[in-house]
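Chemist: Pasting in a structure now, in structure tokens, and then I'll have a few things to ask.
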Amino acid sequence: MPDLATLWPFFVAALALNLTPGADMTYVIARTATQGRAGGIAASFGIAGGSVVHTCLAAFGVSAILAHSEAAFVTVKAAGAAYLLYLAWKALMSSGRGVDTATALPPVSLWRLFWEGVLTNVLNPKVALFILAFLPQFVDPMAGPVWLQILFLGTLFNISGTTVNCIVTFSTAAAAGLLRGSAGIGRWLNRLSALVFVGLAIRLALTERR
């Protein structure tokens with residue numbers, strides 16, 4: 001395993017990266033605003049589940065395919081963008097149902113929100129390339145099996161990111177709770193959610209393999 005001299009810089013870099021607003025954090029905020037704190041937590045752990053998949057792929061070399069195959073990268077990217085547009089459509093349809101001030105989107109199963117988070121993360125090839133580029137920088141070939149070190153570092157990175165997303169969830173839930181006290185705000189939260197999903201889809205579609 002990496003020693004402390006390697007782990008400290010890794011912790012600092014991981015925390016800085018996880019605190020930087022990105023697609024995952026934006027997704028969690030959107031889900032929390034419309035589904036409440038429990039929905040945001042489910043989405044956060046879904047994102048974490050997707051990161052576990054990417055870490056395993058990086059550890060066993062599969063992510064390298066995305067780094068070297070334009071066709072594979074475009075295919076995964078297109079699937080991810082399409083899925084985000086589907087979520088936007090669902091949110092937009094819900095905003096037109098005349099929900100009252102006590103609700104935002106109709107209640108959705110936490111398991112469904114979890115798996116949506118997993119898919120949103122897994123279908124973002126940029127996450128796979130990032131993990132493939134970031135984690136190996138802190139691997140010491142003399143400290144043990146490389147694949148095991150990547151799994152270990154990926155787990156630490158994921159714990160840091162999930163913690164940040166959960167904190168963001170609690171903060172967003174408190175703000176959304178106050179907003180829902182105003183008439184019609186639920187519909188606007190749904191529309192805002194749809195706009196966020198469309199924005200994430202466009203952002204993903206414009207992502208280039210580097």
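The values are calculated or read from the model by the stated rules, or taken from the named source; none is laboratory data. Predicted model only: the values in this text are computed from it and were never measured. What goes into the accessible areas is simple: the full protein's heavy atoms, side chains included, and nothing from ligands, DNA or RNA. Shrake-Rupley method; radii C 1.70, N 1.55, O 1.52, S 1.80 Å.
Chemist: Leaving ligands and nucleic acids out of the surface, order Lys126, Lys77 by accessible area at 1.4 Å, largest first.
Modeler: Lys126, Lys77
Chemist: Further question on the same structure: Using a 1.4 angstrom probe and counting only protein chains, how large is the accessible area of Tyr86 in Å², to 10?
Modeler: 100
Chemist: Let me ask another. Once ligands and nucleic acids are excluded and a 1.4 Å probe is used, how much of Trp115 is accessible, expressed in Å² to the nearest 10?
Modeler: About 140 Å², ignoring ligands and nucleic acids.
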